[in-house]
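In what follows, a single structure is set out as structure tokens and then discussed.
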Amino acid sequence: MTFRNGEDTITVDAVVVGAGFGGLRMLHELRQLGKSVQVIETASDVGGTWYWNRYPGARTDSESWIYAYYFSKELQEDWDWAERFPAQPETLRYLQHVADRFDMRKDIEFSTRVNSAVYDEQTNTWTVVTDKGQTYTCTYFISAVGLLTVPYKPNFPGIDDFTGDWYFTGRWPKEGVDFTGKRVAVIGAGATAVQAVPIIAKTAEHLTMFQRTPNYVMPARNYILTPEERQGIRTDYENIWDLAKQHFFGFAMEPAGRLASQASPEEQQRVLEAGWEAGGFRFIFETFDDILVDETSNEVAAEFVRNKIRAIVKDPETAELLCPKDYPLAGKRPPLGNFYYETFNRDNVSLVDVSNSPITEITANGIRTETGEYDADIIVFATGFDAVTGSVTGMDIRGRNGLSLRDKWKDGPLTHLGICVEDFPNMFMLSGPQSPFANIPVVIEGSVEWISHTLTHMGENNLASIEPTAEAVQNWRQHVNELVNATVLSKGKNSWLMGDNIPGKAHEVLFFFGGAGLYRQECQQVIEQGYPGFAFSDQSERALV
Ligand code: NAP
């Protein structure tokens, strides 16, 4: 129930921050539980990541049929994806459709930022204050702020002197940018730049890409879905989602059932070639099951990618610069390309290696590195995000005794299940730190189901608050560290998965790398075993439910 206490304070059961994939799904679930909900969203519409990231070429790296919700059969039935990997406008339309279909907008406050959320021990409530001066009190404070939300811009001196225009990919103008006849500098070589560069190059007079670390880019092999394919997907939904829920990265793929370490060199090449043709992450997951855990097998696949780069890119010097050589495949999150390497064969595209000659400043006319100057009319910052924790600690969140979450996490995040934080009772996170690195809708669905079970359990047992124990949090931290250390995934350079892309950020794994399937099982076990590792208070008279 929603109460209006005088002029300024509105009381609801739950405040949810964010109206992207997570926030919308959470709103739906809380309504099903009969809770009153206020969603607060910075943007002027739903969409989250897909609202902000309108840069040219933006599209999903997950196949459309599993980059969606599966909580509603009717929703699945009445939405048709156009492409294997939908572009940003299509994904945004999908989320807008969900919001309209379930009449969600009436519970969302748009163009509003949460400044602070403070827990009050006496009343067992959270007080949430927005930049519009609105105050909400609630029993449950739920962060669904997304993991790639806060853009990171390196602190190059001189940006104010630049006479051209500059843009963040993660804050792209709605009206778009006209590159016709312009000299464009793109800084970055991650998944975002990999998508943007081939499109910008089509109209720019010249495009110069500044690359510090090359990535292993696999071809997406996107295509338009035919009516028959769409019908096939629909018929097979249950099987598709069963596979995705169990798959390590939440994709509808089966294990390959073979190991590169046990295959002959000919067999290795034959299988990798088929994976390369299949496109997307099938190159990793449908070829050999030991690519992520066996360094020798990983090197076979890594060298296969390098040889593809050398075969595609005509200029041998450029090809070598594009080849990652000093970290394993998937040591950084591998991007999917749509004619990415082919773009470096264009006359109007050049690559500048800034690994040994870093960018030193932005000048009035462009970019200066230690060894050169490059004129530009437009600079595109594709320099990534203060990932996972940045969006949560961007709010001033205070738990028991005024403890600040920023302080608590200064040496890295501490959570249980990536959902709850000790000393922050009744706070829940979707896509929080130490939750799985996997296809996001699958992760979100699992976390929402867990929160839903938990709120039901609390209601049935007259429990007013939940928080994890210190021991459970330490065990979870140890668990996520052991999991990542058993793979090659922590061995990349400047990887945002480990907090290493932001100068000064704690080096700490930000994800559970045990797979989406194992994570679901572990969450389910917590429920079945009566919530070991969690403390409840039963002061039900304090709860405002
Ligand atoms: P990113 O992977 O962190 O890449 C940022 C790029 O900026 C890197 O190449 C980095 O170089 C470079 N950079 C940062 N500071 C620099 C400096 N001072 N000088 C020169 N270069 C600098 O960010 P992103 O490309 O935005 O991708 C982040 C994540 O978003 C992806 O990994 C992916 O998970 C997600 N994403 C998904 C999709 C999709 O699903 N379709 C699309 C785009 C992004 P270093 O590598 O040397 O640090």
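Computed on alpha carbon atoms, what radius of gyration and Dmax characterise region 110-196, expressed in Å?
Radius of gyration, then largest Cα-Cα span, for region 110-196: 19.5, 63 Å.
Please report the relative contact order for region 1-159, taking Cα pairs under 8 Å with a sequence separation of at least 6, and give it as a percent rounded to a whole number.
Relative CO of region 1-159 lands at 32 percent.
Assuming R0 = 45 Å, what is the FRET efficiency of THR9 and GLU320, from their Cβ-Cβ distance, to the nearest 0.05?
Efficiency at R0 = 45 Å is approximately 0.15.
At a 1.4 Å probe, what is the % contribution of carbon and sulfur to the accessible area of the chain?
47
Which of the lysines could a cross-linker span from LYS308 if the Cα-Cα distance has to be under 18 Å and same-chain partners fewer than 8 positions apart are dropped?
Straight-line reach from LYS308, under 18 Å: LYS325.
Can you list the residues, at least 5 places off or on another chain, whose amide H is less than 5 Å from the amide H of THR125, using H built in the peptide plane?
ASP120
Excluding residues on the same chain fewer than 8 positions from LYS106, give the aspartates and glutamates whose Cα lies under 20 Å from its Cα.
GLU7, ASP8, ASP13, GLU29, GLU41, ASP45, ASP131
Would you mind checking which residues have amide H under 5 Å from PHE534's amide H? H placed 1.01 Å from N; only 5 or more apart, or other chain.
Under 5 Å from the amide H of PHE534: THR469.
For region 328-399, what does the alpha-carbon gyration tensor say about shape, rounded, prolate or oblate, given a ≥ b ≥ c as the root eigenvalues, a/c under 1.5 as rounded, and a/b over b/c as prolate?
In terms of gyration-tensor shape, oblate.
Would you mind working out the magnitude of the charge dipole of the chain relative to its Cα centre, with +1 at each Lys and Arg C-beta and -1 at each Asp and Glu C-beta, to the nearest 20 Debye?
540
Under a point spin-label approximation (7 Å from Cα along Cα-to-Cβ), what is the ASP161-GLU342 distance to one decimal in nm?
So the two model labels end up 4.1 nm from each other.
What value, in deg cm²/dmol to 500, does the helix sum -39500 (n - 2.57) over DSSP H runs of n ≥ 4 give at 222 nm once divided by the residues of the chain? Let's see the in-between values first.
Numbers: 17 runs with 172 residues, N = 545.
That calculation yields -9500 deg cm²/dmol at 222 nm.
How many angstrom lie between the Cα centre of region 79-149 and the Cα centre of region 235-303?
First find each Cα centre; the distance between them is then 35 Å.
Once Lys and Arg get +1 and Asp and Glu get -1 on their Cβ, which of PHE251, PRO334, LEU351 lies farthest toward the positive end of the dipole of region 229-371?
Of the candidates, LEU351 comes out farthest on the positive side.
Which of rounded, prolate or oblate describes region 22-101 when judged by the alpha-carbon gyration tensor and an a/c cut-off of 1.5?
Numbers: a/c = 2.51, a/b = 1.35, b/c = 1.86.
The shape class here is oblate.
Select from PRO151, TRP172, GLN529 the residue farthest towards the positive end of the dipole of the chain; place +1 on Cβ of Lys and Arg, -1 on Cβ of Asp and Glu, and compute about the Cα centre.
TRP172
Calculate the length of the line joining the C-alpha centroid of region 6-75 to that of region 157-187, in whole Å.
About 29 Å separates the Cα centre of region 6-75 from the one of region 157-187.
Sort 375-381, 91-97 by packing, meaning the average of other beta carbons within 10 Å per residue, with the highest value first. All intermediate terms of the calculation are to be shown ahead of the outcome.
Working: 375-381: 21.9, 91-97: 19.7.
Descending packing order for the listed peptides: 375-381, 91-97.
Placing unit charges on C-beta atoms (Lys and Arg positive, Asp and Glu negative, everything else neutral), compute the dipole magnitude of region 324-423 about its Cα centre in debye, rounded to 20.
Approximately 520 debye in magnitude.
Which of VAL392, PHE381, PHE304 sits closest to the plus end of the dipole of region 256-398, meaning its Cα is farthest towards the positive end, when Lys and Arg get +1 and Asp and Glu get -1 on the C-beta?
VAL392
Report the net charge of residues surrounding GLY181, where surrounding means a beta-carbon distance below 12 angstrom and charges are Lys +1, Arg +1, Asp -1, Glu -1.
-1
Pairs of Cα atoms under 8 Å, at least six residues apart: use those to get the relative contact order of region 235-347, whole percent.
20
Among 209-219, 518-528, how do they line up from the highest to the lowest mean number of other beta-carbon atoms within 10 Å?
By packing density, highest mean first, the sequence is 209-219, 518-528.
What is the dipole size for region 370-466, taken about its Cα centre, with +1 at each Lys and Arg Cβ and -1 at each Asp and Glu Cβ, in debye to the nearest 20?
So the dipole magnitude of region 370-466 works out to roughly 600 debye.
Over the chain, what is the relative contact order in whole percent, taking alpha-carbon pairs under 8 Å and six or more residues apart?
For the chain, the relative contact order is 19 percent.
Pairs LYS174/LYS408; LYS174/LYS245; LYS245/LYS332; LYS332/LYS410: which are spaced more than 25 Å apart, C-alpha to C-alpha?
LYS174/LYS408; LYS174/LYS245
Counting other Cβ atoms within 10 Å, keep those with at most 13, restrict to DSSP loop, and tell me which trypsin sites (Lys or Arg not before Pro) in region 131-211 are left.
Filter output for region 131-211: LYS132, LYS174.
The values are calculated or read from the model by the stated rules, or taken from the named source; none is laboratory data. The structure presented is a predicted model; accordingly, all values stated were derived computationally and were not measured. Using ideal geometry, Cβ is built from the backbone for each residue, glycine included, and neighbour counts are taken over all protein chains shown. The area values use the complete protein model at the heavy-atom level, side chains included, leaving out ligands, DNA and RNA. Shrake-Rupley method; radii C 1.70, N 1.55, O 1.52, S 1.80 Å.
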